[in-house]
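The structure appears right after this line, and notes come after that.
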Amino acid sequence: MDLRERGVMKIPVVLNSVNIPKEVGIYGIEEAEDVVRAYYSAAEAYEKSMADGLLSASDLVNAGGFVMNLFSAFDGYKQAEAEFMELDDSEIATLVNLSDEFELGAKAEKYRQILKTILTAVQTYSVFKK
């Protein structure tokens, strides 16, 4: 007996999925940038706070940018995690160069090298995990 004869119509379920090809856009790169900005803003807050050699309550003002960047980083951490596992050399360079947005003083190169080392280690891990 046909379902239409019994008064029951079978309606096909259509699921729309969105696939973002790697060639068209970099999936999760904005979220990865948010994580990197949180890192650099923490470094900036530390450098500004320690400029006088003392850490005091007035230095809490320097943490404002870090807190805002931290919220952004947590907002898209799942996408950032996936993107970090698929970074190529040019994306690592782009992320490392975000340091130009921050006042890191004489230690800017140190913070850039730390980030580059971490991202390269994640890239290496990803290659061996495949």
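What are the residues in the range 101-112 that are among the aliphatic types (A, V, I, L, M) and in a helix (DSSP H, G or I), if any?
Initial filter on the range 101-112 (among the aliphatic types (A, V, I, L, M)): 104, 106, 108.
Correct list: 106, 108.
Filtering the range 83-130 down to residues that are hydrophobic (A, V, I, L, M, F, W, C) and exposed (fewer than 13 other Cβ atoms within 10 Å of the Cβ), which residue is farthest from residue 44 (Cα to Cα)? Show your work before the answer.
The initial filter retains those residues of the range 83-130 that are hydrophobic (A, V, I, L, M, F, W, C), namely 84-85, 87, 92-93, 95-96, 98, 102, 104, 106, 108, 114-115, 118-119, 121-122, 127-128.
With the extra rule that they be exposed (fewer than 13 other Cβ atoms within 10 Å of the Cβ), the set shrinks to 93, 106, 121, 127-128.
Values: 93: 19, 106: 11, 121: 23, 127: 32, 128: 34 Å.
So, considering only residues that are hydrophobic (A, V, I, L, M, F, W, C) and exposed (fewer than 13 other Cβ atoms within 10 Å of the Cβ), the one farthest from residue 44 (Cα to Cα) is 128.
The rows are residues; the columns are (1) among the charged types (D, E, K, R); (2) touching a Lys or Arg at 6+ places or on another chain (Cβ under 9 Å); (3) assigned to a helix (DSSP H, G or I).
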position	(1), (2), (3)
51	no, no, no
54	no, no, no
59	yes, yes, yes
72	no, yes, yes
81	yes, no, yes
87	no, no, no
95	no, yes, yes
99	no, yes, yes
128	no, no, yes
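FYI, it's all coordinate maths here, none of it is from the lab. In this text the structure is predicted, and so the values were computed from the model without any measurement. We place every Cβ from the backbone using ideal geometry, glycine too, and count neighbours over all the protein chains shown.
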